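One structure below.
The values are calculated or read from the model by the stated rules, or taken from the named source; none is laboratory data. Since the model is a prediction, treat every value here as computed from it, not as a measurement. FYI the Cβ positions are ideal-geometry reconstructions off the backbone, even for glycines, and counts take in every protein chain you see.
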Amino acid sequence: MNICIRKILLLLFVLGLSSQAMAIGLVWGEGNWGDDWAAEIQVSGPPPEGPVPEAVKVNTLGGSPRAADFGLGAYSNNGSPAYGNAFTAGDFVTIIGEVTPDPIDVGTNGELYAAFLSVIGGKASFSFLNEDGNFEAWDTTIGGLGPALITTPLDTSHQVTIFEGNLQAGVYKFTFAYMADGGPLVYMKPITLSVSD
């Protein structure tokens, strides 16, 4: 989808939101990450050879709810790899996102989004994955969110490697989302990762 059409669609989407949402600056971010982002982390999940762990909850920002399925998982290359939530700063971590869009969105042009909240040394910052595979600072507004991948068209499923590398010690929340032409932003409840020194 070209940039001009995307901006027009996002503007129409923003105008369609409630006046209460407009009053708070159309922020999609901190409130959607949940209130307990620093909760105790538990390691769980199938090995990477199996399916990516499914999202517990799928949300839609504006528009009607969608019957989409998401998966998001992280694993490291130390020992016997398995999806988990607790790592060390020395681990090489891979984060994979999967989405099966709602059947009504399959075949339309769309965009995939990956965003994260990092809390390092008590300082929180939001970022998103851009089309070049780099993370950019994000102001948590819809207009400030860029796609990780533009799809023409949306297939029945997509898998994206969101991150590969070492993470600094801290707490991270990752989410994965998509938007079909003219449709709402459909996103999953974030996963939380804890990285120790």
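Tally the residues that are among the hydrophobic types (A, V, I, L, M, F, W, C), over 12 Å from THR156 (Cα atoms) and in contact with a Gly (Cβ under 9 Å, 6 or more places away or on another chain), restricting the search to the range 93-136. Break it down stepwise before answering.
First, pick out the residues of the range 93-136 that are among the hydrophobic types (A, V, I, L, M, F, W, C): 93, 95-96, 99, 104, 106, 112, 114-117, 119-120, 124, 126, 128-129, 135.
Add one more test, that the residue is over 12 Å from THR156 (Cα atoms), and what stays is 93, 95-96, 112, 114-117, 119-120, 124, 126, 128-129, 135.
Add one more test, that the residue is in contact with a Gly (Cβ under 9 Å, 6 or more places away or on another chain), and what stays is 93, 95-96, 112, 114-115, 117, 119-120, 126, 128-129.
Of the residues in that region, 12 qualify.
Here THR88 clears all of (1) under 19 Å from the mean Cα position of the chain (by Cα); (2) modelled with pLDDT of 85 or more except the condition numbered (1).
Residues that are surrounded by fewer than 17 Cβ atoms within 10 Å (Cβ to Cβ) number at least 1 in the following strands (runs of 3 or more DSSP E) confined to the range 117-187: 123-129, 135-137, 149-151, 158-165. Scanning the range 61-90 for residues that are in a loop (DSSP other than H, G, I, E, B), hydrophobic (A, V, I, L, M, F, W, C) and surrounded by fewer than 20 Cβ atoms within 10 Å (Cβ to Cβ) yields ALA67, ALA82, ALA89. Here is the figure for the range 103-116: residues that are part of a loop (DSSP other than H, G, I, E, B) and buried (at least 20 other Cβ atoms within 10 Å of the Cβ) total 1. Closer than 13 Å to GLU164 by Cβ, of a type in the set (A, V, I, L, M, F, W, C), in contact with a strand residue (DSSP E or B) (Cβ under 8 Å, 6 or more places away or on another chain) and crowded, with 17+ Cβ neighbours inside 10 Å: does that describe VAL93? Judged against the criteria, VAL93 is a match.
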